[in-house]
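In what follows, a single structure is set out as structure tokens and then discussed.
The values are calculated or read from the model by the stated rules, or taken from the named source; none is laboratory data. Note that the coordinates shown come from a computational prediction; the quantities given were computed from them, not determined experimentally. Virtual Cβ from ideal backbone geometry, glycine too; neighbours counted across all protein chains shown. All accessible areas refer to the heavy atoms of the entire protein, side chains included, with ligands and DNA or RNA removed. Shrake-Rupley method; radii C 1.70, N 1.55, O 1.52, S 1.80 Å.
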Amino acid sequence: MSASRTQVGIIGSGPSGLLLSQLLQLAGIDSVVLERRSRDYVLGRVRAGVLEQGTVAILRRAGVAERLDREGLVHHGVEIAAGEERRRVDFSAHAASVTVYGQTELTKDLMHARDALGGTLLFEVDEVALEGVESERPALRYRRAGVEHRLECEFIAGCDGFHGASRKAIPPNVLKIHERVYPFGWLGVLAEVPPVSPELVYASHERGFALCSMRSLVRSRCYVQCALDDDVAAWSDDRFWDELRARLPEAAAARLQTGRSLEKSIAPLRSFVAEPLRYGRLFLAGDAAHIVPPTGAKGLNLAVRDVQQLADALIAHYSEGQDDLLDAYSATALRRIWRAERFSAWLTSVLHKFPGRTSFDRGIQLAELDELASSAAAQAAFVESYTGTPL
Ligand code: FAD
Ligand code: DHB
């Protein structure tokens, strides 16, 4: 058994864990990141793509935004279609915008930054177990290349996603779970074809939801709502593009260029909040703490905000001996998280086809979308939630 020490033991090298270790190191706080998967696996995952302005500001502060500032696509509006009706929500009237930049690229930038500063990232670590989180000296036990290790920590950050080990270290009589599981998933395709439109198109259609997003001006990321038990293998590229075309307004469908998929996967949709986010010296951040359905593109943005808040709280502890921010972390983060949960659940409910939907349910959905198209107040509320910019 080998033994070592660090100030903050971080489980998970997704965006949450990597960004936390970066922000801590910039403030002179030592951390070790333990990741179950290989570096290549983590770098190969295709996930989110839309960053709020506040997220970009935090990434700049972390010194990882040089390429994002160069290559990210700044969008000042989004199209929300209902059948053949196309409506654009304009962000610029509210001085708001979002930046389209893939999570894959962000992960790459974060890893480069960690390597450049000599950060400790340990990949292919098995059987991570949390010990003594209620004590002053918690520890992480793990196995790597057949050798047992014990890492003594002052704090543990659970950044290990929805299926990680950290949330399970909170006793069941303390941990409260709030959850909604949706009866459908999203089938996503990445392809080297130009996007159908310069801005994202969210489409609510009789056949189900569809989304045309992008990673660059020559690379598209598109989604269609699918059944939960759908098998990716049953979706040829042609079937995917035909289904997407059928759900878009004609003008967008006519512009759709198709090509071989570079990646194709199905993600189930879930709303999930764990409470509290702190137990003793363990703090949860990102998908370990909450899941939003992807419809509002909030998942990655929430994770980045959690991490900024946690980093600031740990910095106040180490530099000023102040624990107020650590003590307030769970309650403060949960207020922000619930607001994003509300928005994501609402947007999911108005855009998707739910099994057993009646004509009345559809009428309500269309009225919600009409209101968004015609009411300045509804648009302002949407822009505030979607872009994360307080108006
Ligand atoms: P993760 O990115 O999940 O990182 C957690 C890390 O911890 C992983 O690397 C994992 O391997 C590691 N880990 C897990 N368990 C252990 C363990 N026991 N020991 C050590 N390491 C462990 N959001 C959007 O906004 N739009 C999208 O389109 C979108 N698509 C998504 C598609 C999928 C399939 C998924 C899963 C998520 C998607 N999200 C999307 C959400 C967004 O990607 C997440 O909110 C974001 O990745 C959260 O970052 P994180 O670092 O908290 O968690
Ligand atoms: C993407 C994903 C989303 O969930 C979303 O709302 C917008 C864009 C994307 O992967 O590009």
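Given axes a ≥ b ≥ c from the Cα gyration tensor, I'd like to know whether the stretch 204-256 is rounded (a/c under 1.5), prolate (a/b larger than b/c) or oblate. Could the numbers behind the result be given before it?
Working: a/c = 1.78, a/b = 1.28, b/c = 1.39.
Judged from the Cα gyration tensor, the stretch 204-256 comes out oblate (a/c at least 1.5, b/c at or above a/b).
With the other protein chains left in place, how much accessible area per residue, in square angstrom, belongs to the chain at a 1.4 angstrom probe?
Numbers: 16530 Å² over 391 residues.
Per-residue accessible area for the chain comes out at 42 Å².
Could you please report the charge total around residue 135, scoring K, R as +1 and D, E as -1 over all other residues with beta-carbon less than 12 angstrom from its beta-carbon?
Working: positive: 137, 281; negative: 131, 134, 136, 152, 154.
Here the count lands on -3.
Can you tell me the FRET efficiency between residue 136 and residue 371 if r is taken as the Cβ-Cβ distance and R0 is 56 Å, rounded to the nearest 0.05? Please report the intermediate quantities before stating the final value.
Details: r = 54 Å, r/R0 = 0.96.
Here the calculated transfer efficiency is 0.55.
Just to be sure I understand the model, the point goes 7 Å from the Cα along the line to the Cβ. What's the resulting residue 4 to residue 84 distance in nm?
6.4
Over the stretch 319-364, consider all pairs of different Cα atoms and compute the Kirkwood hydrodynamic radius from their mean reciprocal separation; express it in Å, one decimal. Working shown, then result.
On the way: mean 1/r = 0.0730 Å⁻¹.
Result for the stretch 319-364 stands at 13.7 Å.
Keeping all protein chains in place and using 1.4 angstrom, which order do 111, 1 fall into by accessible surface area, from largest down? Walk me through the numbers before you get to the answer.
Numbers: 111 5, 1 140 Å².
Per-residue accessible area, sorted high to low, gives 1, 111.
In nm, to one decimal, how far is the residue 168 label point from the residue 231 one, both placed 7 Å along Cα→Cβ?
It is 2.9 nm.
Once a ≥ b ≥ c are taken as the square roots of the eigenvalues of the Cα gyration tensor of the chain, is the result rounded (a/c under 1.5), prolate (a/b larger than b/c) or oblate (a/b not larger than b/c)? Provide the component values of the computation, followed by the final result.
Numbers: a/c = 1.82, a/b = 1.71, b/c = 1.07.
Cα axes put the chain in the prolate bin.
On the full set of protein chains, 1.4 Å probe, figure out the accessible area of residue 353 and give it in Å² to the nearest 10.
90
Can you give me the C-alpha center-to-center distance between the stretch 158-227 and the stretch 97-145, rounded to a whole angstrom?
Between the Cα centres of the stretch 158-227 and the stretch 97-145 lies a distance of 22 Å.
What percent do you get for the relative contact order of the stretch 178-259 when only Cα pairs under 8 Å and 6+ apart count? Provide the component values of the computation, followed by the final result.
Values: 129 pairs, mean separation 29.0, N = 82.
This gives 35 percent for the stretch 178-259.
Report residue 74's accessible area, 1.4 Å probe, all protein chains in place, as a number in Å² to the nearest 10.
80
When ranked by the protection proxy of mean other Cβ atoms within 10 Å per residue, highest first, what sequence do the peptides 283-295, 206-218 form?
Values: 283-295: 27.5, 206-218: 18.5.
Listed from highest to lowest mean packing, they are 283-295, 206-218.
Using a ≥ b ≥ c from the Cα gyration tensor of the stretch 20-132 (square roots of the eigenvalues), is it rounded, prolate or oblate, where a/c under 1.5 gives rounded and otherwise the larger of a/b and b/c decides, a/b for prolate? Before the final figure, lay out each step's value.
Numbers: a/c = 2.69, a/b = 1.89, b/c = 1.42.
Prolate shape, in that a/c is at least 1.5 and a/b is the bigger ratio.
Per the Kirkwood formula on distinct C-alpha pairs, the Rh of the stretch 149-241 is how many angstrom? Walk me through the numbers before you get to the answer.
On the way: mean 1/r = 0.0586 Å⁻¹.
Answer for the stretch 149-241: a Kirkwood hydrodynamic radius of 17.1 Å.
Distance from the Cα centre of the stretch 375-391 to that of the stretch 1-70, in angstrom?
Their Cα centres are 29 Å away from one another.
How much accessible surface does residue 235 have with a 1.4 Å probe, in Å² rounded to 10?
Residue 235 has an accessible surface of roughly 10 Å² with all protein chains in place.
Show me 337-347, 48-58 ranked by packing, highest mean number of other Cβ atoms within 10 Å first.
Working: 337-347: 18.8, 48-58: 21.5.
Packing order, densest peptide first, comes out as 48-58, 337-347.
Which distance in Å, rounded to a whole number, links the C-alpha centroids of the stretch 237-259 and the stretch 273-316?
Between the Cα centre of the stretch 237-259 and that of the stretch 273-316, the gap is 36 Å.
What is the ratio of the Cα radius of gyration of the stretch 244-387 to 2.2 N^0.38 Å, where N is its residue count, to two decimals? Walk me through the numbers on the way to the answer.
Numbers: Rg = 19.7 Å, N = 144, 2.2 N^0.38 = 14.5 Å.
Taking N as the residue count of the stretch 244-387, the ratio is 1.36.
Counting only protein heavy atoms and a 1.4 Å probe, tell me what percentage of the chain's accessible area is made up of carbon and sulfur. Spell out each step's value before the answer.
Numbers: 8390 of 16530 Å².
Percent of accessible area from carbon and sulfur atoms in the chain: 51.
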